Number of protein chains: 4
Amino acid sequence: MIIHMAEGATPEQTQRVIDRISRDYGLRCETIVSETTVIGIKGIASIVDEGRLLELPGVESVLRITEKFKDASRAFHHEDTVIDVAGVKVGGENMTVFGGPCAIESEQQAIDSAMLAKSAGVDILRAFVDKSRTSPYDYRGLELGRGLEIAKAMKEATGLPTVSELIDLRHLDAFLEAGIDVIQVGARSAQYSPLLEELSRVDVPIVLKHGFGNDMSEWLCAAAYVMSGIDREGRSVGHGNRNVILCYRGIKAFETATRFAADIGMIPLVRQKSHLPLLADPSHSAGDRKLVERVAYGFIAAGAHGFEFDIHSNPSEALCDGKQAVNYEAERIIRNARGIHAMLAGVGIESGSSVAVAAK
Amino acid sequence: MIIHMAEGATPEQTQRVIDRISRDYGLRCETIVSETTVIGIKGIASIVDEGRLLELPGVESVLRITEKFKDASRAFHHEDTVIDVAGVKVGGENMTVFGGPCAIESEQQAIDSAMLAKSAGVDILRAFVDKSRTSPYDYRGLELGRGLEIAKAMKEATGLPTVSELIDLRHLDAFLEAGIDVIQVGARSAQYSPLLEELSRVDVPIVLKHGFGNDMSEWLCAAAYVMSGIDREGRSVGHGNRNVILCYRGIKAFETATRFAADIGMIPLVRQKSHLPLLADPSHSAGDRKLVERVAYGFIAAGAHGFEFDIHSNPSEALCDGKQAVNYEAERIIRNARGIHAMLAGVGIESGSSVAVAAK
Amino acid sequence: MIIHMAEGATPEQTQRVIDRISRDYGLRCETIVSETTVIGIKGIASIVDEGRLLELPGVESVLRITEKFKDASRAFHHEDTVIDVAGVKVGGENMTVFGGPCAIESEQQAIDSAMLAKSAGVDILRAFVDKSRTSPYDYRGLELGRGLEIAKAMKEATGLPTVSELIDLRHLDAFLEAGIDVIQVGARSAQYSPLLEELSRVDVPIVLKHGFGNDMSEWLCAAAYVMSGIDREGRSVGHGNRNVILCYRGIKAFETATRFAADIGMIPLVRQKSHLPLLADPSHSAGDRKLVERVAYGFIAAGAHGFEFDIHSNPSEALCDGKQAVNYEAERIIRNARGIHAMLAGVGIESGSSVAVAAK
Amino acid sequence: MIIHMAEGATPEQTQRVIDRISRDYGLRCETIVSETTVIGIKGIASIVDEGRLLELPGVESVLRITEKFKDASRAFHHEDTVIDVAGVKVGGENMTVFGGPCAIESEQQAIDSAMLAKSAGVDILRAFVDKSRTSPYDYRGLELGRGLEIAKAMKEATGLPTVSELIDLRHLDAFLEAGIDVIQVGARSAQYSPLLEELSRVDVPIVLKHGFGNDMSEWLCAAAYVMSGIDREGRSVGHGNRNVILCYRGIKAFETATRFAADIGMIPLVRQKSHLPLLADPSHSAGDRKLVERVAYGFIAAGAHGFEFDIHSNPSEALCDGKQAVNYEAERIIRNARGIHAMLAGVGIESGSSVAVAAK
């Protein structure tokens, strides 16, 4: 982190900045006093809140070099993290497909959709008991106990590990007891810190969706909440859950022709910035079945470690998001996506094109 | 709600749409069959999930007329709602100022800032025990019990009612026991349904911030969660908390020169669309003390019922968001804002300019 | 187009709407009068300005069904348009690569970069004489005559057709005389109607970039300006230039980690909505060479007909946008992209997944 | 400008950066070599293209301190610029209202609307001959000669100076000969450099609208195009037109309930960043007459030097944007806005709250 003092800043003002950094963060500074005073902070400045420095008299601007999301950053963990979900690998050289119905609506629909997903080739099955909805009048899922029973039945019927979104943090134990293998954090909870803190105390793999109102740094800071295990009071370190899988789903933008703007550049960028496995969600980003197939191919070609998508045995009767669920084309989508992934194996992505670096 | 069937839709497809509306929502339809079939739904279509209709074969498009956020909509409640907070009125003809430090950092800072806020003329005092932060490494507040103790002391020292943000839903009882008068829902929790549902079961006034990734409809649907008291399973109606105060704070947009884009058009629009009291937050929208004063005036002139802003006894030592906190200028800001509000009293806003309607 | 009259609209108000549609647009209406009056417009309502209808007393809302961008719409031209550029096909089953230096800086740099582009396998060569820049202080190109001379030399040296951005509409003749094969309209001119009208009077193929502040409808309406040849006064039809190639480059969004948000869902969507060839620009969307390779793959996998990207013989000496130019990796990028395109040949995109339609 | 070299950058890499700055821009550098090398550029770094520096090997990041939009920046021109339009002052302590019909449709409509605008109290009359429209099928104005004749008649009938949008740069002379007093550059032309350059060669006052896809820096750089008179080739300085009036109209954002997001924080921010007069456009930002009144008040309270809005003698018959035009309420809007402006006279805005600076 580099701090640039304003023209005419006094030595006392400069000293006050240095004192704050040293006292509050335990970091050393190096000062260069010339016509323009520049202070360089040594050490891991992730923990520094630049807002507090900007507020000091005489400070003109602050240039952050070390990213805030230290735990999720590749700068501190060069190798890809590979996460094991009941024997299924996520991240690194692997391509993994998460799929299944958007929500559990009934036992019949859930089992039918699960079997369709399995035959299409998914690796990890969506078994979503709860649905976060914009309006309280929309379908939000079956009664919790019944939903979890069906989730269990889906797992048994297919033999696949299951992923399920946890909305109410008080239900975590029930989810784990019901054998859910991966806990998903949805877009609307993506910055809800009590939930993130709760998940930092267990070891179960987490799929952390990208909030549609969040930028990359906020998303990776949410991952840092789960991974660091830092608790609210003071800076003592708790347990920390390193098993975080990122899932991109696009952001709100002014274009209304697609549901969300799924910025394809984010896929290679997040791969370069973070060591965590990166999925993408073609169903919730595009919001329309007619787009899902090609969007899924785009994500894989751009470097995603896999995708998570909605598969429904009868989309036109779905109680939730049927418009974006695929049916029997799921098998073709997964097959072609694996073909693209295989073709591009070995085309480095983690550090950008090695060629470019050489060219510099 | 009007449903437009595609060219060539069959009578069977049309009937299936009508059956779904009648069976699932208990609403009647009127069909017009000509070259293009159009179905009109009669009754309050707020409860209809248009996504489910769009998914039916033959449906081309759906035009929503009744807004989803029924409980918050002026169409169903023509008069302004006025909420009483320990004797202070919010909404209607009143202009109310919420202010105080961004966060409680210590007893001294809290009491000093509270006294400054009181002398500046605030009506309801910010006493924020918890802070939702992007990074787990940033300051998130004192230990809960200690924070609530100080909040109590701030209330006693000033005699003002207090507002405090509830992040962890499990702390609601502690907040109420500590005498917090208004519970605030912050931008990062603005669509977290378990928290909204919890607040629907009490009567304490709620300040519902606008999530920076949410549009107007999502925001007012969040209000409907609190107001309707509809629980997750089925459509049975619970208690419902009608005491919702809206607070606008702007959205994420591509402009980086301001912190959030606080769309001034939203102020008169939300006043027209909703009967609920509407505040705005010049500190968190502009993110810079140098802009706060004029932004506050803009909000009031545009029709807000008041504002909530950060006042700190020593901004350059603040542990959180000091850059946007005002100090002794708070008094002038409140005074001028009240002047603007008084000058514009009687210039109708609820239904748009009455002149315009006549001109039509 | 369906017009929904407000509750309580009078028969006179309804008649006035019908009269306007009939008088100003020559279209017939069908009215359904029940509790809610609905007017359906028959015929091609692309020419109707819905703003003018919304303004009539009694009109509640207007639902547009026929898109405004008629000329570019697949609804009126079912087959893919394939454009011939000096023997190189663009659109349909073809994948075409446009590439070369961001700007002509000197003869040496231009020829070196052109030869590198040719050896990498580009089909159509960038020979950019003018550069549109945000700041007047940035490099905007060599003197026009000199620039066009070098463009000619690039074409001769490589034997490739050339594309060049026309900024000043008064230079069109000079461009055509210098043998430029494709005229590009840049993002900053994407809605500048005098330039679009000028291009409607020639037959040379046009690459129409997507403006970073425009949505899909605005972009395709810009294509309609070039294609329709409608002139400013009255509605008489002029020449019209049907040879329009679309080029997507992303939009401004709140994410700052990438330069623009290149919404991957737009690729299959625009393919479905329009019959025109669709390119994408991985260099200008991602803005960073380290992302260009994977973004290019993403665009092709999602269904683009090709891409246009910056290739520079010495990026670190580039006078313009060197950061996003690739060097010797260009060959690998084109090769892999062709592999992905070939693998997905025959996976329908134009009408969405045929499966999905069947599933309905 | 401060340049931060990457860890491990070699002395040769550092020297190359210094050489480029010295050779290409004629600026001196100061280097600080410690664990992290930092280069400070001395002098006015507005002319430096940071993209070219970022591309040099070893460069990690660049922190811009001097803004690119030098000519428009208050840092180089501390006093407010006041522009004289045929005796009407714009900027400084003045509040000025521009108003009239969105477009000239006929002599009758134009004169009626002009007289209504005059009686409402506008200072400068909209006499818009050309309209930039998204679709070629929408109304774009009368034949040029006829339009300019009517513009002249509007001026004569009212005795007010006139403002008119210039779209086609080849019409500039005709506009000036017809006695147009202020040339407006519209949102769709806001970055079209040939038009901006053309306007730099005359002295007539310019209203430069904010492009809905542009950020503040792009907008003020467009002003710099007009003001600097720098021509395309080389850096020689031409005439330059200093009479630029800024006009804010909001940006595209994901909120669809308002037409554009008019970020109220931009008003005081642009006042602080630039010495140029600043208007705002409540009609085109809000897009709905029902919002225009309160949005206009918001802009004035936030510190705008005035506003420009649509006034039409019969909005429901308008050929263009009737929905946002006001009628007889114009008089009340102007009167109340002047009241707010007078009340806040003397509440400093140019440098932010002086109090805040003291508090630091």
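Let me confirm one metric for peptide A:189-199, namely the mean number of other chain beta-carbon atoms within 10 Å of its residues' beta-carbons. Each step should come with its number before you reach the end.
Values: counts 7, 4, 12, 11, 11, 10, 4, 1, 2, 1, 0.
Going residue by residue through A:189-199 and averaging, the value is 6.
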Alpha-carbon Rg with Dmax, taken over region B:69-199, Å
15.6, 48
Set the Förster distance to 25 Å, then compute FRET efficiency between D:Leu54 and C:Glu143 from the Cβ-Cβ distance, nearest 0.05.
0.35
Between 0 and 90°, nearest 10: helix C:216-228 axis offset from chain C longest Cα axis:
90 degrees
Quick calc: nm separation of the 7 Å Cα→Cβ label points for D:Asp231 and B:Ala257 -> 3.0 nm
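Just the number, please: percent antiparallel of the DSSP beta bridges in the protein assembly as shown, rounded to the nearest 5. Don't skip to the end; give the middle numbers.
On the way: 74 of 172 bridges.
So the antiparallel bridges in the protein assembly as shown amount to around 45 percent.
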What base-10 log of the normalised intensity I(q)/I(0) is obtained for region D:2-66 from the Debye formula, alpha carbons as equal point scatterers, at q = 0.16, 0.24 Å⁻¹?
-0.43, -1.02
Provide the FRET efficiency to the nearest 0.05 for the B:Lys152-A:Asp173 pair, computing r from the beta carbons and using R0 = 45 Å.
0.85
At 7 Å along Cα-to-Cβ for each site, give me the label-to-label distance between C:Lys89 and D:Thr10 in nm.
5.0 nm
Can you give me the angle between helix A:289-302 and the longest principal axis of chain A, using Cα atoms only, in degrees from 0 to 90, rounded to the nearest 10?
50 degrees
What residue among B:Ser73, B:Ser135, B:Ser316 has the largest mean-square fluctuation in a Gaussian network model of chain B, using Cα springs under 10 Å?
B:Ser135
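How high is the relative contact order of region B:74-343, in percent, with contacts defined as C-alpha pairs under 8 Å that are six or more residues apart? Let's see the in-between values first.
Numbers: 581 pairs, mean separation 55.9, N = 270.
Relative contact order for region B:74-343 comes out at 21 percent.
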Along Cα-to-Cβ, 7 Å out, sits the label point; list in nm, shortest first, how far the one on B:Gly348 is from those in the other copies.
4.3, 5.5, 7.0
Using alpha carbons only: equivalent-ellipsoid semi-axes of chain D, gyration tensor based, whole Å:
42, 23, 18
Note the distances from D:Arg28 to each other copy's matching label point, with points 7 Å along the Cα-to-beta-carbon direction, in nm, sorted shortest first.
3.2, 8.3, 8.8
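If the viscosity is 1.002 mPa s and the temperature 20 °C, what translational diffusion coefficient in µm²/s does Stokes-Einstein give for region C:1-142 when Rh comes from Kirkwood over Cα pairs?
In µm²/s, the coefficient rounds to 107.
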When the distances between all Cα atoms of region A:119-272 are binned every 5 Å from zero, what whole-number percent does each bin get?
2, 9, 16, 19, 20, 17, 12, 5, 1, 0
Across the identical copies, how the D:Val82 labels are spaced - nm, sorted shortest first, 7 Å along Cα→Cβ
4.5, 6.9, 7.4
For the protein assembly as shown, with only Lys/Arg (+1) and Asp/Glu (-1) charged at the beta-carbon, what is the dipole magnitude about the Cα centre, in debye rounded to 20?
0 debye
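How much of the DSSP bridge set in chain C is antiparallel, in percent, rounded to the nearest 5? Each step should come with its number before you reach the end.
On the way: 18 of 43 bridges.
Around 40 percent of the beta bridges assigned by DSSP in chain C are antiparallel ones.
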If you find the alpha carbon centre of region C:290-341 and of region A:169-186, how far apart are they in angstrom?
43 Å
Quote the relative contact order of region D:167-310 in percent (integer), defining contacts as alpha-carbon pairs under 8 Å separated by 6+ residues.
18 percent
Out of region A:106-173, which GluC sites (Glu not before Pro) are coil in DSSP terms and have no more than 16 other C-beta atoms within 10 Å?
A:Glu143
Using alpha-carbon coordinates, inclination of helix B:144-158 to the longest axis of chain B, degrees
70 degrees
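What share of the DSSP beta bridges in region A:1-130 is antiparallel, in percent to the nearest 5? If you can, show how the numbers build up before the last one.
Numbers: 15 of 17 bridges.
Looking only at bridges with both residues in region A:1-130, the antiparallel portion is about 90 percent.
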D (Stokes-Einstein, µm²/s), Kirkwood Cα radius, the protein assembly as shown, 0.890 mPa s at 25 °C
75 µm²/s
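Between C:Arg338 and C:Ser22, what FRET efficiency follows from the Cβ-Cβ distance if R0 is 51 Å, with the result rounded to 0.05? Working shown, then result.
Working: r = 53 Å, r/R0 = 1.05.
Result of the calculation: an efficiency of 0.45.
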Considering the rotational relationship between chains A and B, which residue of chain A contributes the beta-carbon of minimal distance to the axis, and what is that distance to the nearest Å?
A:Gly213, 1
For Cα pairs less than 8 Å apart in space and 6+ apart in sequence, what is the mean separation divided by the residue count of region A:58-172, i.e. the relative contact order in percent?
22 percent
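Bear in mind that the values in this text are calculations on the coordinates, not laboratory data. Only a predicted model underlies this, so the values are computations on that prediction, with no experimental measurement involved. Note that we place each Cβ from the backbone using ideal geometry, even for glycine, and neighbour counts take in every protein chain shown.
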